[in-house]
Amino acid sequence: MFISVLDLFKIGIGPSSSHTVGPMVAAKEFTGCVEKYFSSHPYIPNSHIRCTLKGSLAFTGKGHSTDRAIALGLHGYTAVGLAGENVDSVIGRIWGKGCIAVGDQLSILFVPEQHIVFDRGAPLPQHPNGMIFELIGPSEESLLSETYFSIGGGFISTLTEISELVAPLKMESVKSCPYPFNSARSMLRMAQESKLSIAEMKLKNELAHHSEEALNQGLDAVWNAMQVCIRQGLVAEGILPGGLNVPRRAKNLHHQLMSQPTTANVNDWLCAYAMAVNEENAAGHMVVTAPTNGAAGVIPAVLYQLITHENGTAEQVRDFLLTASAIGGIIKHRSSISGAEVGCQGEVGSAASMAAAGLCAARGGTPEQIENAAEIALEHHLGMTCDPVKGLVQVPCIERNGFGAIKAHTAASLAMRGNGQHFMPLDSCIAAMKQTGLEMSTKYKETSLGGLATSITEC
């Protein structure tokens, strides 16, 4: 099993990796399908593209800007290309065009308000985040159709691909890696046999797919983007978009901590950093999927605290990210990071597990201690629902990232106090998360049909 650290950590925009980034990728890919179709079929004037959103995408797509993402993708934009851009300005330029350019000469009709359908009926059986893209002729006949699933972290699968996957993720063959661990148990066994750390094994796997220069540049770019996101979030103020009138709080919190550092503790700093990231995400600005946008603040907060308050080094940053991605890959392979599939335990829980492992590794923990840290952090997120108020990645998501960072930091510290021997293996904890997610009501899996999302009284 192999998923690259550079695929797991992707620079993009908010507010959601599964509801914004994934649909944007799918939309852009479908335009390629349309271009290919017309390369072997006569061009049909007045044909249009229709996108039908199913399941969680239909219920919370408005709050997650899924319709905007679809429009951006159809017009050729990518999440990484929009990082740092004023997305509202881009939307203003494309929203009312009425058509999209496909290839060099073709023009296909597309009016977002008419051609994006939020279907709140039964979800597609394969995955709760389904999208059906169609090329429709002038007589409403379907000329071309493709079904995509946004499977978390900005990854997508087609209908054909998702039925062939053992787990909801495209991964490289185990034969492509010198250390092809697909479980925590095999990871620990390989570490013991090779006498290498988890980060060293992950590095060797990465170098089988990337040059050392490309890998280091990619890791540095990810870390730089995380830092920029935190720093921008710590100085921004105002009301977050979406209608809840939630004010940004990270700046004021950080100002208090800087003014009275002797009264601040590690939990305060972690919350400030994590909330800064997720306020940027809620605003639709640049973030790094870590491993998702909804959980984008946990890993940057823990890593930023290490660097800023513990004099961490560049080498520790790379060890942290490599180790965290090793754990994240196992979780994605054996379960899911999609809130629509397993609830927030799969988003903030996975991020906390990855962050705990990364911090433990950066502090010199053994593979056994790292696995223990990852398990502790994940275990104490089991059963966490995904119930965003009004479908927005704000309440409870922003604060939840702060608490995820606190749990990750605590888990790493606790694991470092032990020798790595513990009762519950990480693999078993991941299995419990998967089973809990399967049994969890869809009301609590990013549909905003239960929990906090329906407990708020509007006056």
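It is to be established whether one or more residues within region 201-212 are surrounded by fewer than 16 Cβ atoms within 10 Å (Cβ to Cβ), in the same structural domain as PRO396 (by TED's automatic domain parsing) and over 26 Å from CYS360 (Cβ atoms).
Yes: one or more hits.
Name the residues in region 163-193 that are modelled with pLDDT of 60 or more and exposed (fewer than 14 other Cβ atoms within 10 Å of the Cβ), would you?
Hits for region 163-193 are SER163, GLU164, LYS175, SER176, PRO178, ARG189, GLN192, GLU193.
Which one is surrounded by the fewest Cβ atoms within 10 Å (Cβ to Cβ), of the residues in region 246-274 that are aliphatic (A, V, I, L, M) and touching a His at 6+ places or on another chain (Cβ under 9 Å)?
Step by step, filter region 246-274, then rank; the result is VAL266.
Looking at region 6-22, which of the residues that are part of a helix (DSSP H, G or I) and in contact with a His (Cβ under 9 Å, 6 or more places away or on another chain) is surrounded by the most Cβ atoms within 10 Å (Cβ to Cβ)?
SER18
I'd like the full set of residues that are touching a residue at least 24 places away in the same chain (Cβ under 8 Å), of a type in the set (A, V, I, L, M, F, W, C) and in a helix (DSSP H, G or I), limited to region 176-212. Give the derivation first.
To start, the set of residues in region 176-212 that are touching a residue at least 24 places away in the same chain (Cβ under 8 Å) comprises 176-185, 187-188, 191-192, 197-199, 201-206, 208-210.
Add one more test, that the residue is of a type in the set (A, V, I, L, M, F, W, C), and what stays is 177, 181, 184, 187-188, 191, 198-199, 201, 203, 208.
Across region 176-212, the qualifying residues are ALA184, MET187, LEU188, ALA191, ILE198, ALA199, MET201, LEU203.
Starting from region 384-397, take each residue that is free of Cβ contacts under 8 Å to residues at least 60 places away in the same chain and list its partners that are crowded, with 23+ Cβ neighbours inside 10 Å and hydrophobic (A, V, I, L, M, F, W, C), counting only C-beta distances under 8 angstrom and pairs at least six apart or across chains.
That search, which allows pairs on different chains as well, returns MET384/CYS344; MET384/VAL348.
This table checks each residue for (1) surrounded by 17 or more Cβ atoms within 10 Å (Cβ to Cβ); (2) free of Cβ contacts under 8 Å to residues at least 12 places away in the same chain; (3) out of contact with any Ser or Thr (no Cβ under 9 Å at 6 or more places or on another chain).
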{"position": "GLY96", "(1), (2), (3)": "no, yes, yes"}
{"position": "PHE118", "(1), (2), (3)": "no, no, no"}
{"position": "PRO123", "(1), (2), (3)": "yes, no, no"}
{"position": "GLY130", "(1), (2), (3)": "yes, no, no"}
{"position": "ILE151", "(1), (2), (3)": "yes, no, no"}
{"position": "THR158", "(1), (2), (3)": "no, no, no"}
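If you check LEU452 against the conditions, is it in contact (Cβ under 8 Å) with a residue 40 or more places away in the chain, part of a helix (DSSP H, G or I), touching a Pro at 6+ places or on another chain (Cβ under 9 Å) and not basic (Lys, Arg)?
In short, yes.
Can you name the condition, by its number, that THR454 falls short on among (1) farther than 18 Å from ILE198 by Cα; (2) crowded, with 23+ Cβ neighbours inside 10 Å; (3) among the hydroxyl-bearing types (Ser, Thr, Tyr)?
(2)
The values are calculated or read from the model by the stated rules, or taken from the named source; none is laboratory data. From a predicted model like this one, the values you see are computed outputs, not experimental measurements. When we count neighbours, we look across all protein chains shown, and the Cβ atoms used for this are built from the backbone with ideal geometry, even at glycine.
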